Amino acid sequence: MSIHTIIYTSKATNDLAGEAIAEIEAILATARRRNADCGIRGALLFTEGRFVQVLEGDKDIVERTFERISSDPRHHDIEVLCRQSASKPRFEYWSMASVGETTALRHRYADAPLADVANEVRGDALLDFMRDIARSVD
């Protein structure tokens, strides 16, 4: 079975800025429940008012999930960074890993905004970046 992957970035709406922590927790709780039910895995990075998210699983389910997420009013300026297939999952341990700012991540990536780092790499390197930071906060 082929594993379909989408990685996208988006900007949080201004409405989200004031309630970011509580809203991100709500997003993660919903994603984890829905993803576990349909077999999607991935990671969500929220930093500096931006999202970077990986979704992987069955192609039809991942694409439908991405369409639903794309219409969420809590973000805009959605840009797909990567769409590919693989023979094995990279996020098999997470229905939706939460990736946020930590001292270790800040040290590892110096002063580069993490969302900008994610925008600078593509394909497998971007998947590795997201998996590595998911592992570092797991």
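Laboratory data are not the source of any read-out in this text; all were calculated from the coordinates shown. This structure is a prediction, so every number in the text was calculated from the model and none was measured. When we count neighbours, we look across all protein chains shown, and the Cβ atoms used for this are built from the backbone with ideal geometry, even at glycine.
Quote the charge dipole size of the range 1-84 about the Cα centre in Debye, to the nearest 20; the model charges only the Cβ of Lys and Arg (+1) and of Asp and Glu (-1).
Using Cβ point charges on Lys, Arg, Asp and Glu, the range 1-84 gives about 220 debye.
Provide the net charge surrounding His4, with neighbours chosen by a C-beta distance below 15 Å and charges set as Lys +1, Arg +1, Asp -1, Glu -1.
Net charge in that neighbourhood comes out at -1.
Evaluate the distance, in nm, between pseudo-label points positioned 7 Å from the Cα of Arg68 and of Ala20 along their respective Cα→Cβ axes.
2.6
Using mean Cβ contacts within 10 Å as the protection proxy, how do 68-74, 126-132 order, highest first?
Listed from highest to lowest mean packing, they are 126-132, 68-74.
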